[in-house]
Amino acid sequence: MKERIPQLDYLKGIFILLMVIFHLALVEETYPVLREAVYTFHMSAFLIISGYLANVDRPLGKFCHSLLRLVVPYVIFESLYILMQYYVGGSLGAHNAISNLTVTDFLLRVATQPTGPYWYIHTLVICLAVYWLIYRVLHLDGIGGLAIMGVILYGLSLVIEGLDWSNVIYFMIGLFIMRCGKTFMGVITPSWLAIVPLVVLFWFPENYDRGTLAGVAITVLVISLLLALYPYCGRVVSGTLAYIGRNSLAIVIFSPIFTLATKQVAPFFSFDSTALSFMVVALVFIVVACLVCAWLADTLRLSRFIFFQDRFYRPRQID
């Protein structure tokens with residue numbers, strides 16, 4: 001079990017908050033260009049961190065158990081999300097509402113076409129399974145192992161609609177850092193100088209594509225800049241972000257339910273053309289609701305059946 005790295009939890013906290021913010025329809029509509037800029041790096045950075053923290057150095061039984069911690073909640077909540085989009089999505093004005101749904105469509109969506117933020121878990125499960133196959137079954141290591149893993153995942157991305165090759169690349173970047181025996185901050189070093197190339201890259205909207213070299217550069221530079229900012233955040237801010245980051249999986253899982261609910265209160269914020277007041281209220285509501293759900297799952301002892309662990313909620317650490 002890897003020891004927690006507070007800087008990585010801090011980064012995960014920032015990126016998961018950006019995920020929530022830019023899944024709010026009113027914010028997306030008000031700031032479309034900013035949305036495209038943020039979409040270039042927020043989940044890409046999350047995947048780099050996920051690749052770096054990936055661990056397959058365990059027997060088959062324990063690895064399968066760890067994979068079930070992702071597969072079971074994915075199937076449950078992706079299924080619920082699809083049903084919500086079908087039965088109430090249209091009436092709630094969801095942009096991805098489903099008008100027709102057969103049993104075959106339902107099964108295909110769950111298996112190969114994840115919707116909402118659940119694509120992240122779907123991608124993570126596939127990458128981890130292939131990673132385990134390469135390094136534990138075939139015993140391939142080093143650059144050769146990574147190359148074969150990349151070929152397999154690229155092939156899978158051609159037949160699995162929900163597996164985007166650009167997302168796989170970011171997972172493998174994190175994996176490459178870890179397999180080379182490097183520390184995360186030893187490769188992506190904190191630097192205020194990152195702001196200079198970032199301004200240049202963000203100046204041209206054609207760079208807002210995480211599947212390009214410009215997208216990779218933006219992602220790495222944003223991580224570098226945020227790491228440089230970390231020592232100046234203060235214990236309250238950095239500690240709060242790290243706390244949210246430790247519970248990022250809970251926010252990925254539960255947030256779509258509450259994000260959909262916030263659409264009903266958006267009209268009450270029509271007085272604010274900037275949508276910032278709505279953003280703050282909705283963000284606090286969604287994050288707190290997700291954390292409460294995670295805590296309730298532990299308290300009611302549901303976590304062992306849904307998440308295959310006794311403690312899914314991660315309490316705030318006190319220095």
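For the reader, a short list of remarks on this structure follows.
- For K263, a cut-off of 16 angstrom between C-alpha atoms picks up these aspartates and glutamates, skipping any fewer than 8 places away in its own chain: E28, E29, D272.
- Extension gain from V200 to L34, taking 0.36 nm per residue of separation minus the Cα-Cα distance: 58.2 nm
- Contour excess over end-to-end distance, with Cα ends at S273 and V187 and 0.36 nm allotted per residue: 26.8 nm
- Couplings 3J(HN,Hα) for the stretch 159-165, derived from phi with the Karplus relation 6.51 cos²θ - 1.76 cosθ + 1.60 (θ = phi - 60°), are 10, 9, 4, x, 9, 8, 4 Hz, where x marks Gly and Pro.
- Exposed-site-free run, longest, the chain (rule: GluC sites (Glu not before Pro); DSSP loop; at most 16 other C-beta within 10 Å): 162-319
- Applying the criteria of a DSSP loop state and at most 13 other Cβ atoms within 10 Å to the chymotrypsin sites (Phe, Trp or Tyr not before Pro) of the stretch 271-318 yields F271.
- Helix-only arithmetic for the chain: the sum of -39500 (n - 2.57) across DSSP H runs with n ≥ 4, divided by the residue total, places the mean residue ellipticity at 222 nm at -21000 deg cm²/dmol.
- For the stretch 138-153, 3J(HN,Hα) per residue [Karplus equation, 6.51 cos²θ - 1.76 cosθ + 1.60, θ = phi - 60°, Hz, x = Gly/Pro]: 8, 6, 9, 10, x, 4, x, x, 5, 5, 5, 4, x, 4, 4, 5
- Maximal additional length on extending the L302-L158 stretch stands at 48.2 nm, based on 0.36 nm per residue less the C-alpha distance.
- Note on Rg and Dmax of the Cα atoms in Å: of the candidates (1) 19.7, 66; (2) 23.0, 96; (3) 19.5, 61, the value calculated from this structure sits at (3).
- Residue by residue, the stretch 45-61 carries 3J(HN,Hα) couplings of 5, 4, 5, 4, 4, 4, x, 5, 8, 4, 9, 10, 7, 7, x, 4, x Hz when phi is fed to the Karplus relation 6.51 cos²θ - 1.76 cosθ + 1.60 (θ = phi - 60°); x denotes Gly or Pro.
- Restricting the stretch 1-92 to trypsin sites (Lys or Arg not before Pro) that sit in a DSSP loop and have at most 12 other Cβ atoms within 10 Å of their own Cβ leaves K2.
No lab work stands behind these numbers, since they all come straight from the coordinates. Everything numeric in this text was worked out from a predicted model, so none of it was measured. Don't worry about glycine lacking a Cβ; one is built from the backbone with ideal geometry, like all the others, and counts go over all protein chains shown.
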